[in-house]
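Notes for the one structure printed next.
Quick note: the coordinates plus some simple rules give every number you see, no bench work behind them. Here the structure is a predicted model, which is why all the values come from computation and not from measurement. No Cβ is skipped: glycine too gets one built from the backbone with ideal geometry, and neighbour counts run over all protein chains shown.
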Amino acid sequence: MASQLEASLSKFLSWLSTMRTEQGYWGPVTHYWQDCFQYLGVSPDWKYEGLIAGFLQLYEKTGKEEYLQQATRCGQDILQTQGSNGCFFNSHFENNPSLYQGSTPHEAAACIGLLLLADALRRNNLAWQPYFTAVKKNLEQYHMKVLYDSQAKTFLQDKHDEKHYHVPNKIATIVELLYLYTDFTNDKKYLPIIQDSVNYIISLQAQEQFPGAIYQTEAKKQIITFYVARCIPSLFLHYQRSGYEPALSAALAAREFILTMKLKEGGFAFGYLLDNNGTWQKYTYPVFIAGAGDILRALFLLRDHAPFNVEDIRWLLLQQHVNGSFPTSLGMAAKNTPAEIVSEKSWKDVLPVVGWNDKTFRFLTMVLKQNATLEPSTFSFIEIPCKDGVYSEDQTLMKIEGQYTFTKGQTFRTSTGSKNFYLNLGKIFKSRFMARALRRLLRV
């Protein structure tokens, strides 16, 4: 499998290089919550956590300076978007453009990438201070001043959310950030908040009907496999740092739930939703593919406490497009329906998204053997007919041909995005007044 893994990463890097402008990584977003095709520009969201971590792991595994340089370039992408309030412009992923409000878990994930980079640069006697300074500003001015809820002793999803939800997987990302900050500075002031936040995550872990599952919010109406997996790294990290046994037990229980969602053909079922009659319904779709990198990473982290199935890596590698990217999902168009099998793919499934592909990139570089060799790979043209259109991509153009209905009711006959086109509104409208005015104008 080692040579197959190296070949896969070489192909992936070839594709990823075509998804970059001078300002950073671009691209459309397809997601369970909604799609974003109106804004295709640089977005300093959770993609930068996976990209920076992946490049740094390639640097460690291969010893090639070019990967450290690419990680540093990713850090520069984030720095150029930071505003006076500490937040990063256009950090909302599927909800972009967003000019002055921060977004969870994306701001925390971007900061995790910056701290990983700062640590690597400091160990190599290179300039690390700007990246740490950006994290400190974001952490103090946004996470602590805006999102921290002193009554719940953990973090809100969004200060502007009328329901003021506390979301375990987003809290988990912040916990990872706080631990990295603690390790980097040796300042232990956030340890009590980490403990309270871990306890909050554990408090939303199901015990009876779905043992090990972690509810999406305190409303307890959704259990989503991908987001359960996103909680595991922070739970396990807390156990490693503190020896807190309930965190390890929660992580292992979450693992057991995830395994109940595993499909015989590979991948993991989406999750459970509570319907209007108070009955839980299991939904297979969408099955995340590129995003499954985060699920497998969570399972891999627990390998010393529970077995890891290498066949899951083989399944993931088999999903890779010939151009090196990984498709987003299977069955995105069938979400929230009780479909038992999806035989025809939607363009929303096959379209690759950088902010999903980074998760598989990070995982594959994690399991890559030491002293690996990645040979240059040639980018390949791709064209995939789907039930609702045709996806095609070359080095300069990504296209969806056909007629589609987007989540906001807009219908387009064709939707194309040049890889050389980007819109960096955040860089232009750094004043809060102009940002608010433009948000009202765009109604975003």
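The figures follow:
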quantity	calculated
Residue pairs, from the table Lys170/Lys264; Lys170/Lys220; Lys163/Lys221; Lys282/Lys359; Lys136/Lys189; Lys47/Lys282, whose Cα atoms sit over 20 Å apart	Lys170/Lys264; Lys282/Lys359; Lys47/Lys282
Listed residues Phe89, Phe37, Phe155, most fluctuating in the chain (Gaussian network, C-alpha, under 10 Å)	Phe37
Charge context of Ala250, other residues only, Cβ under 14 angstrom, K/R +1, D/E -1	0
Relative contact order of the chain, pairs being alpha-carbon contacts under 8 Å that are 6 or more residues apart, as %	20 percent
Added length on full extension, which subtracts the Cα-Cα distance from 0.36 nm per residue, Leu397 to Phe379	5.2 nm
Separation of the Lys188 and Asp388 label points, Cα + 7 Å toward Cβ, nm	5.4 nm
Set of aspartates and glutamates near Lys145 by C-alpha distance (under 15 Å), chain-local residues within fewer than 8 positions excluded	Glu107, Asp158
Cα-based reach from Lys387 at 16 Å (exclusive), listing aspartates and glutamates while leaving out same-chain residues under 8 positions away	Glu344, Asp349, Glu401
By average C-beta atoms within 10 angstrom, highest first, the peptides 319-326, 227-234	227-234, 319-326
